[in-house]
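These notes concern the structure reproduced below.
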Amino acid sequence: MNKIFSYPEALVDVPMHYCPGCTHGIIHRLVAEVIDEMGVMSKTIGVASVGCSCFNYDYFNFDMVATAHGRAPATATGVKRVHPNCLVFTYQGDGDLAAIGTAEIIHAAVRGEKISVIFVNNGIYGMTGGQMAPTTLPEMKATTSPYGRNTALTGYPIKMTEMLALQDGCVYAERTKISSVASINKTKKAIRKAFELQMAGKGFSVVEILSTCPTNWGIEPVEAIKWMENNLEAYYPVGVIKAPKEVE
Amino acid sequence: MAEKILMKGSEAIAEAAIRNGCRYFFGYPITPQNEIPEYLAKRLPEVGGTFLQAESEVAAIYMVLGAGAAGARVMTSSSSPGISLKQEGISYMAGAEVPCVIVNIMRGGPGLGAIQGAQPDYWQATRGGGHGDYRLLVLAPATVQEAVNLTYEAFDLADKYRNPVMILGDGILAQIMEPVELPEENKEQPEKTWAVCENHNRPRNIVSSSYPQVDVLEQINLRLHKRYNEIKNNEVRWDSYLLDDAEYVIVAYGSAARIAKAAVKMARAEGIKAGLLRPVSVWPFPVKPFQDILPQVKAFLALEMCTGQMIDDVRLAIGNARPVHHYGRLGGVIPLPEEVLGKLKELVKEGK
Ligand SMILES: Cc1ncc(C[n+]2csc(CCOP(=O)(O)OP(=O)(O)O)c2C)c(N)n1
Ligand code: SF4
Ligand SMILES: [Mg+2]
C-alpha cells in the first residue's frame, strides 16, 4: 500500500508548547514539509530567534542555532558565509524582527544575504505576555497599550516586508496568512519559493505570515482567525510584494 | 628561524589570526583598531576567507556567533565602546560554548571618551562584561611579537575550551611598529563534531545558550564552572623583570608594563630594588607568583592606565599581607617612566 500522508521527517514527533489555536505550530509544519519535499533536510540549518518560537530547535529535525532577540539575521549570515551550500533560514516574530532586530533584518536584505526569513506576524509580543509591538494595530489593546494603541503617542504599525522588498538585495518578499486550507497552501508555496530562490543563489527572501495569538489577543481561536483577517490583513495586505520575473 | 619583519601591532594581530586558520572576520570600524579590519579586508580574500563589515558591533558579534557555531575559526575586533555593544553576544557565545577570538584595543572612556590608548576596560574584560556567570580567557600582550604569539594561540585555546578568548590590548600596542617573527601557517584544525553543518547520518546538532529548565541550567553552570577552573589551572601566564630580589614590585600588564620596565631599570640605577610582575593572562590572573615573592616584598605598585581596576586582583592575590599602591594616568595620557620612578621613590622614602 502506498503511504500518501505522514508526519514530516523534518519535524520531531513531540508535543509542541504552543497555546491551543496558535498558528506557530502550523507554520513549523509547513517549513518542515517544504524541506522534506525539496529533499534538503541534511543541509538545512535553522536559526531560532527569541519569542514564543524560541524553542523550535526542539521541534525541527535538523541542525539549529539559537540566538539572541532580534539577531537571527546576523547569526544566519555567519552560518551561511561558512556553509554557502546549506539552506539557512531564520524564524522570527514581529517583536523580534520589527523592533529590536530592525537593523539586522534590513542589512541582511541590503547585503542580499542568501538566507530566507520566516516572519511570523501576530501583531503582539506573544512570549512576554501580550505587550504592544511595532506591528500592533491602531486602537488595538495590549498590556502596554491598555487603552488601545495611541498613534499620536506611539506612531503607526511598521510595514517591514514592504521595506525589505525595497532593497535591491531582496529578491523575494511575500505576505501570506494562516486562516484556511487555501491560505495555508499558499503559505507553503511561498516558503518553497523563498527556499528555492535561496538555493539558486539569488539573494535574500522573506515570507511574512499573518498569524494569531488567541491567548494575548484574548479571543477564542476561531474568532482570532476572523479577527486577523478583518483587522491585521486590512492593514497588512497579503500577496506577492516582490518576486523575480520567472517566479511571477 | 623565520625572518623578522617590521609590522604594526594591529596588522600583526590580523596576520597571526590568518596563520592559525582564521578565515572569517566580522567587525565595525572604530579607532584605534581600524588597521585590523582593513588588513583583513585585503588579506582574507587572498586565502579564500571572508571579511564582512557589519552594520554595527551588535550585528558583528552575532555574525561571529553564527560562523563559530558553524565550526569556523572566526575573529572580531573593536575598541572599548564597540566592545560594550558586543557584550550581549559574548555572553551568548559563552553560554552556547561557541569558540571565537575577540580583540579589544582599549581607548579612554567612559562614553565616547577619546581615541588614545588606555586601560579602562579591565573589569569589563575580566569580570564577564556581559550578563550571566561566565568567564573569558583574557590575554594581554605587551609587545607586537607577543600580540602575534598570543593571537595565534588564542584560536587553539578558544577551540580547546569552547569559549571566547579575548586579546586585551590598547591603542599603543595597535599603533606601534616593531620587528616580528611570524609563525608558520597552521593548516590543521580540530574537528568540531558539535558544529552545525551539512549533516549526513548523525543526530542533529543544536548550538544554543537556552536552557529553560532550571535544574538543567544549574548543571550547565556547574559544567562551565568546572571548565573555568581547568582554565585557571592550565592557562595562567605571566612574565617578570628583575623580580628575584625585588622589594618594590610594579604590577602592570600590556603597554603599561613596558613603561614599568623602564621605570624598574631607572630605579635599579638609583639602588632601589625594584622589579616587575607582568600578568600576561589577566583572566586567569597569576596568583601564585605573588605568593611566591611575598616574603621579600615591601610593597606593590599597580601601574594601570586607569584609576585602578587590576589592583583589585593584586589585593585578592595577597590579601592584606602587604600594601598595594596605585599609579596611573587617565583618559589616554601615557604615564612616563620618570613619573613612575617618582612614585616608587615616594614609597621607599615613606617606608610604605
Ligand atoms: C534583549 C532582550 N530583550 C527582551 C527580551 C524579552 N522578550 C522575549 S520574547 C519577546 C517578544 C517576542 O515577541 P515576538 O517576536 O513578536 O514573538 P511572539 O512571541 O509573538 O511569537 C521579548 C521582548 C529578551 N529575551 N531579550
Ligand atoms: S502566546 Fe500567542 S504566540 Fe505564543 S504560543 Fe500562545 S498563542 Fe502562540
Ligand atoms: Mg509576535
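Taking all pairs of distinct Cα atoms, average 1/r, flip it, and tell me the Kirkwood hydrodynamic radius of chain B in Å to one decimal place.
20.8
How many times 2.2 N^0.38 Å is the alpha carbon radius of gyration of region A:23-242? Present the calculation step by step, with values, prior to reporting the outcome.
Values: Rg = 16.1 Å, N = 220, 2.2 N^0.38 = 17.1 Å.
Taking N as the residue count of region A:23-242, the ratio is 0.94.
Using a 1.4 angstrom probe on protein heavy atoms only, which residues from region B:173-220 are buried by at least 10 Å² of accessible area when all chains are present rather than their own chain alone?
B:196, B:197, B:198, B:199, B:200, B:204, B:205, B:206, B:207, B:208, B:210, B:212
Can you check what the Kirkwood hydrodynamic radius comes to for region B:239-349, Cα pairs only, in Å to one decimal?
Hydrodynamic radius (Kirkwood, Cα pairs) of region B:239-349 is 13.5 Å.
To the nearest 100 Å², how much accessible surface do chains A and B cover up together, summed over both, with a 1.4 Å probe?
2500
May I have the convex hull volume per residue, in Å³, for the Cα set of the protein assembly as shown? Mind showing how you got there, number by number?
Working: hull volume 105.5 nm³, N = 600.
Here the figure is 176 Å³ per residue.
Evaluate peptide A:97-103: per residue, the Cβ atoms of other protein chains within 10 Å of its Cβ; return the mean as an integer.
1
Using 10 Å bins from zero, what percent of all Cα-Cα pairs in region B:1-103 falls into each bin?
17, 50, 28, 5, 0
Let's see if you can work this out: charge +1 on each Lys and Arg Cβ, -1 on each Asp and Glu Cβ, no other charges. What is the dipole magnitude of region B:239-349 about its Cα centre, in debye to the nearest 20?
140
Rolling a 1.4 angstrom probe over the protein chains, ignoring ligands and nucleic acids, what is the accessible area of residue A:225 in square angstrom, nearest 10?
Counting only protein heavy atoms, residue A:225 exposes about 50 Å² to solvent.
Towards the positive end of the charge dipole of region B:239-349, with charges on Cβ (+1 Lys, Arg; -1 Asp, Glu), say which of B:308, B:253, B:271 has the farthest Cα.
B:271
With bins 10 Å wide starting at 0, give me the P(r) of region A:2-150 over every alpha carbon pair, in whole percents.
Going from the shortest bin to the longest, the percentages are 11, 38, 33, 14, 3, 0.
Explain nothing, just the number: dipole magnitude of the protein assembly as shown about its Cα centre with +1 on each Lys and Arg Cβ and -1 on each Asp and Glu Cβ, in debye rounded to the nearest 20.
Working: 59 positive and 64 negative charges, 42 e Å.
I would put it at about 200 debye.
How much of the DSSP bridge set in the protein assembly as shown is antiparallel, in percent, rounded to the nearest 5?
25
Heads up, I need the accessible area for residue B:193: 1.4 angstrom probe, whole protein in place, Å², nearest 10.
My reading of the accessible area for residue B:193 is about 90 Å².
Rounded to the nearest 10 Å², what accessible area does residue B:209 have for a 1.4 Å probe in the complete protein model?
40
Once the convex hull of the C-alpha atoms of region A:136-176 is built, how many Å³ does it hold per residue, rounded to a whole number?
Measuring per residue, one finds 85 Å³ for the Cα hull of region A:136-176.
Which net charge results for the neighbourhood of residue B:283, defined as the other residues with beta-carbon distances under 10 angstrom from its beta-carbon, given Lys and Arg at +1 and Asp and Glu at -1?
+1
Could you pull the Rg and Dmax for region B:63-187, using just the Cα atoms, both in Å?
14.2, 41
Between the helical axis of B:337-349 and the dominant principal axis of chain B, each derived from Cα atoms, what acute angle in degrees is found, rounded to the nearest 10?
The angle comes out at about 50 degrees.
Can you tell which of A:207, A:34, A:117 shows the greatest fluctuation in a Gaussian network model of chain A with Cα springs below 10 Å?
A:34
At 1.4 Å probe radius, can you tell me the per residue accessible area of region B:101-247 in Å²?
48
Calculate what fraction, in whole %, of the accessible area of chain A sits on carbon and sulfur atoms when a 1.4 Å probe is rolled over the protein chains.
C and S fraction of accessible area: 56 percent.
Counting only protein heavy atoms and a 1.4 Å probe, tell me what percentage of chain B's accessible area is made up of carbon and sulfur.
Carbon and sulfur together cover 52 percent of it.
Peptide B:68-81: average number of partner chain Cβ atoms within 10 Å per residue?
For this peptide, the per-residue mean of nearby foreign Cβ atoms is 3.
What FRET efficiency comes out for residue A:247 versus residue B:42 if R0 is 56 angstrom and r is the Cβ-Cβ distance? Round to the nearest 0.05.
FRET efficiency, residue A:247 to residue B:42: 0.90.
How much accessible area per residue does region A:23-242 have, counting only protein heavy atoms and a probe of 1.4 Å, in square angstrom?
For region A:23-242, the per-residue accessible area is 34 Å².
For the pair residue A:19 and residue B:352, what calculated FRET efficiency results from E = 1/(1 + (r/R0)^6), where r is the Cβ-Cβ distance and R0 = 51 Å, to the nearest 0.05?
Taking R0 as 51 Å, the efficiency between residue B:352 and residue A:19 is 0.15.
Among B:144, B:216, B:103, which one shows the biggest mean-square fluctuation in a GNM of chain B, springs joining Cα atoms closer than 10 Å?
B:216
Given 25 °C and 0.890 mPa s, compute D for region A:144-248 with the Stokes-Einstein relation, Rh being the Kirkwood radius over Cα pairs; round to the nearest whole µm²/s.
It diffuses with D of about 162 µm²/s by this estimate.
Which value in deg cm²/dmol, rounded to the nearest 500, describes the helix-derived mean residue ellipticity at 222 nm for chain B, given -39,500 (n - 2.57) per DSSP H run of n ≥ 4 and division by the residue count?
It lands at -12500 deg cm²/dmol.
The values are calculated or read from the model by the stated rules, or taken from the named source; none is laboratory data. No experiment lies behind these values; they were computed from the predicted model shown. Cβ sites come from the backbone with ideal geometry, for glycine too, and all protein chains shown count toward neighbours. Just the protein is used for accessible areas: all its heavy atoms, side chains included, with ligands, DNA and RNA removed. Shrake-Rupley method; radii C 1.70, N 1.55, O 1.52, S 1.80 Å.
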